[in-house]
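Following: one structure in structure tokens, then a few remarks.
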Amino acid sequence: MLTVSEKIFFLILAGLCGYFAGVRFYQVFRAISRGKPEDRFDHLALRLLKGLWLAASQQTVFKKRPFVSLLHALVLYGFVFYLAVNLVDLLEGFVSNLEARGGGWNYFNLAADVLTAGILVGIVGLMVRRYGVKRKDFSWNQKTPLHEKVRQGIPRDSAVVGGFIFFHVGSRLLSKASQIALSDPDPFQPVASFIALGVERFDYNTVQLFEHMFWWFALGSILLFLPYFARSKHIHLLLAPLNLAFKKEKPGTLMPLNFSKEENFGVAKLEDFSWPRLLDAYSCIMCNRCQEVCPAYTTGKALSPAAILISERYELNQILPEFSAGKESPRSLMDFALSDEAVWACTTCNACVEVCPVGNEPMLHILDVRRERVMMQGEFPQAFNNAFKGMERNGNPWNLGQDKRTGWTEGLAFQAPTVEEKPDAEVLYWVGCAPSYDPRAQKIARSMAEILQASGIAWAILGKREKCTGDAARRAGNEYLFTQLAEENVATLNQIRPKTIVTTCPHCFHTLANEYQDFGGEYNVKHHTEYISELMESGKIKLAAASEDVTFHDPCYLGRHNQIYDEPREVIKGLGLKLIEPGRKREDSFCCGAGGAQFWKEEEPGNERVSANRYRELKGTGAGTIATGCPFCMQMMNVETAQEPEGQAPKVLDVAELVAARLQAAR
């Protein structure tokens, strides 16, 4: 179809566009490679297969926005098939007398024709949504820190990408319609044949021109788009499968720092990030789903997880030639991607990581910056001072004496045995700081002790040897303090060698089970709802039936961080209670507002408290009791019930308290 001169011109154009695209892609590769080492290459083949499967199946995309996800899937599947379509079209243009019709080509053409229609429907739907009916999904709070080029850049980039897809696919459809108009209708190309009915009205020479011209539009637009590809959000087509492949199994499990070898801690500039963080920035599709589920942003705070990664991407694009060549980035992240208000608003609930369709981990970007603010700059909310001092001096953020750690045992009808008294205990009950020192949370500890005692299982506590796990210090950015506490606790636990550790705090659970491994602590750790479920199933505790309505709040560090959803519900249902689920539950649960060390400081300014948002939803279920599995979640819900007129608020009880009450009723 092409003349000799056209073929030469096409090859020259392809070479030029390929060169400039290759330079840009290499710069992106070099920029990501500048990130600090982080081992994500274990089980590499399985990781890569998983990444390809998640991208191909669109599982992560369909978690939210099902209709929009369907439109995206139409574009994706069509575009992937278009790799073959464009190759065949190229061959038709370069090889004389090659016409891909008839025989085995029929099925290929049918797929290409249907997917062409699918792509056009999908991209039109997505563009209408972005620029029309759902524009607010792509906006930000006015106080959200953003790179100066983002607000104008994203609409422009979306228009370029969307326009390219529509132009490229539409041109290919018109080229095929013209081809059909010059011959006979093709039942295996119904869409193109329908368009051909309109094209047939033109004379033969004009239709020939159309076929030729739209072939060039279709294939030429690809070549011209290639150099722009690497700087556009469209690059996620290549990087999203890789990002999904290299995503951490438990993103909330942070990496320790090597204080003996490193001099700078945390992240101040782009080059301070590890390479997966820089890959995050280039994988981001800019859909703002993470912002949509972020408890801080939802309640009017300055923090937007999406804005952080998008701003990083725009800065990288702006300085890419120099940055990829190894030059220092010109400014701090706090100058274009974050503010103090945004940094300290994160609750580390993991919702942004859970919902991201391309496997980004915005939460870890924030925690990296917190480490730098605390350990290098000494800049953090002053309210943390008392908690830090308490953990350092007394082994608890309440800063109460270690001699008071067993004060919760007062009022028990039996003595809580220590590991010295029962060195061969089957269960070590890790009480945690909140149940040890907070008067309301102490009731949880007493309830759990009563359950353990009633089960006949040999159990014990560390007593005054127990110290804070350091979760709050780590999430607040004070990695040095966390390391001290972790090393002390691991030394104590390794000396005792507990068979099973049971804890009533999801934050303690997460730290003991996942993060102490880096410090030589490998333990069998269970959340108390898991262990109580096992006791009920084995018949080791006898419980009286109950009849009341209960709603359950999924703690972030139990649910999204550790995928424990069923056991608390099994316990509640096993008690004969009617479980009424809130709208946001399980992996979609909304944070209570205490995580990320938020419990130890005033909440950042916004439209409402995070706890108020969650409490309103739980109360709205109509249940008479809000059940929790975390002492901090309980405290946050109690802050809200205290605002209610007397007698109008639901009760807030831990699952252990519900079970202990049925124990007493059975006696």
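Count of region 226-267 residues, restricted to those that are open to solvent by 60 Å² or more (accessible area, probe 1.4 Å), within 28 Å of CYS556 (Cβ to Cβ) and touching a residue at least 12 places away in the same chain (Cβ under 8 Å), is 2.
Quick one: count up the residues across region 287-335 that are among the hydrophobic types (A, V, I, L, M, F, W, C), under 22 Å from ALA55 (Cβ atoms) and open to solvent by less than 10 Å² (accessible area, probe 1.4 Å). Quick ask: steps written out before the conclusion?
In the first step, residues of region 287-335 are kept if they are among the hydrophobic types (A, V, I, L, M, F, W, C); the result is 287, 290, 293-294, 296, 302-303, 306-310, 316, 319-320, 323, 325, 333-334.
After this cut, where a residue has to be under 22 Å from ALA55 (Cβ atoms) as well, the list is 287, 290, 293, 306, 309-310.
Still in the running and open to solvent by less than 10 Å² (accessible area, probe 1.4 Å): 306, 309-310.
Summing the residues that are among the hydrophobic types (A, V, I, L, M, F, W, C), under 22 Å from ALA55 (Cβ atoms) and open to solvent by less than 10 Å² (accessible area, probe 1.4 Å) in region 287-335 gives 3.
Based on this model, can you work out whether THR500 counts as under 20 Å from THR628 (Cα atoms) and either in contact (Cβ under 8 Å) with a residue 12 or more places away in the chain or β-branched (Val, Ile, Thr) (or both)?
Numbers: under 20 Å from THR628 (Cα atoms): no; either in contact (Cβ under 8 Å) with a residue 12 or more places away in the chain or β-branched (Val, Ile, Thr) (or both): yes.
Here the answer is no, as THR500 does not meet what is asked.
Yes or no: region 586-597 includes at least one residue that is charged (D, E, K, R) and crowded, with 18+ Cβ neighbours inside 10 Å. No, region 586-597 contains no residue that is charged (D, E, K, R) and crowded, with 18+ Cβ neighbours inside 10 Å.
Go through the residues of region 121-137 one by one and say whether even a single one is open to solvent by less than 10 Å² (accessible area, probe 1.4 Å) and either under 15 Å from VAL191 (Cβ atoms) or at pLDDT 90 or above (or both).
Yes: region 121-137 contains one or more residues that are open to solvent by less than 10 Å² (accessible area, probe 1.4 Å) and either under 15 Å from VAL191 (Cβ atoms) or at pLDDT 90 or above (or both).
Quick grid of which residues meet (1) under 30 Å from ILE308 (Cβ atoms); (2) among the aliphatic types (A, V, I, L, M):
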site: SER96; (1), (2): no, no
site: ARG101; (1), (2): no, no
site: ASN109; (1), (2): no, no
site: ILE119; (1), (2): no, yes
site: GLY125; (1), (2): yes, no
site: TYR131; (1), (2): yes, no
site: VAL150; (1), (2): yes, yes
site: ILE165; (1), (2): yes, yes
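Of all residue pairs spaced 6 or more apart or on separate chains, those with beta-carbon atoms under 9 Å, a first member in region 316-343 that is at positive phi and a second member that is assigned to a helix (DSSP H, G or I) and open to solvent by 50 Å² or more (accessible area, probe 1.4 Å) are GLY326/ARG30.
Hand me the list of helices (runs of 4 or more DSSP H) wholly inside region 336-432 holding 2 or more residues that are open to solvent by 10 Å² or more (accessible area, probe 1.4 Å), touching a Phe, Trp or Tyr at 6+ places or on another chain (Cβ under 7 Å) and not basic (Lys, Arg). So that I can check it myself, show each step before the final result.
Details: elements: 340-343, 351-355, 362-375, 384-394.
In region 336-432, 362-375 are the helices (runs of 4 or more DSSP H) which contain 2 or more residues that are open to solvent by 10 Å² or more (accessible area, probe 1.4 Å), touching a Phe, Trp or Tyr at 6+ places or on another chain (Cβ under 7 Å) and not basic (Lys, Arg).
Per the conditions (1) over 30 Å from ARG560 (Cβ atoms); (2) free of Cβ contacts under 8 Å to residues at least 60 places away in the same chain, the sole criterion not satisfied by PHE94 is (2).
Here is a yes/no grid of residues against (1) of a type in the set (Phe, Trp, Tyr); (2) in a helix (DSSP H, G or I):
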| residue | (1), (2) |
| --- | --- |
| PHE217 | yes, yes |
| PHE225 | yes, yes |
| ARG231 | no, no |
| LEU239 | no, yes |
| ASN243 | no, yes |
| MET255 | no, no |
| ASN258 | no, no |
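Across region 171-201, the number of residues qualifying as surrounded by fewer than 23 Cβ atoms within 10 Å (Cβ to Cβ), in a helix (DSSP H, G or I) and of a type in the set (S, T, N, Q) comes to 2.
In region 505-532, the residues that are at positive phi reach residues that are modelled with pLDDT of 95 or more and of a type in the set (Val, Ile, Thr) with C-beta atoms within less than 6 angstrom, at least six apart or across chains, in these pairs: GLY520/VAL490.
Would you pick out the residues in region 453-511 that are open to solvent by 10 Å² or more (accessible area, probe 1.4 Å), in a helix (DSSP H, G or I) and either among the basic types (Lys, Arg) or more than 24 Å from GLY401 (Cβ to Cβ) (or both)? If the condition is that a residue be open to solvent by 10 Å² or more (accessible area, probe 1.4 Å), in a helix (DSSP H, G or I) and either among the basic types (Lys, Arg) or more than 24 Å from GLY401 (Cβ to Cβ) (or both), then GLN453, ALA454, SER455, LYS464, ARG465, ASN494, PHE509 are the ones that fit.
The values are calculated or read from the model by the stated rules, or taken from the named source; none is laboratory data. Computed from a prediction, not measured in an experiment: that's the story for all the values here. Ideal geometry is used to build each Cβ from the backbone, glycine not excepted, and the neighbour counts take in all protein chains shown. Just so you know, the surface numbers come from the protein's heavy atoms only, side chains and all, with ligands and any DNA or RNA stripped out. Shrake-Rupley method; radii C 1.70, N 1.55, O 1.52, S 1.80 Å.
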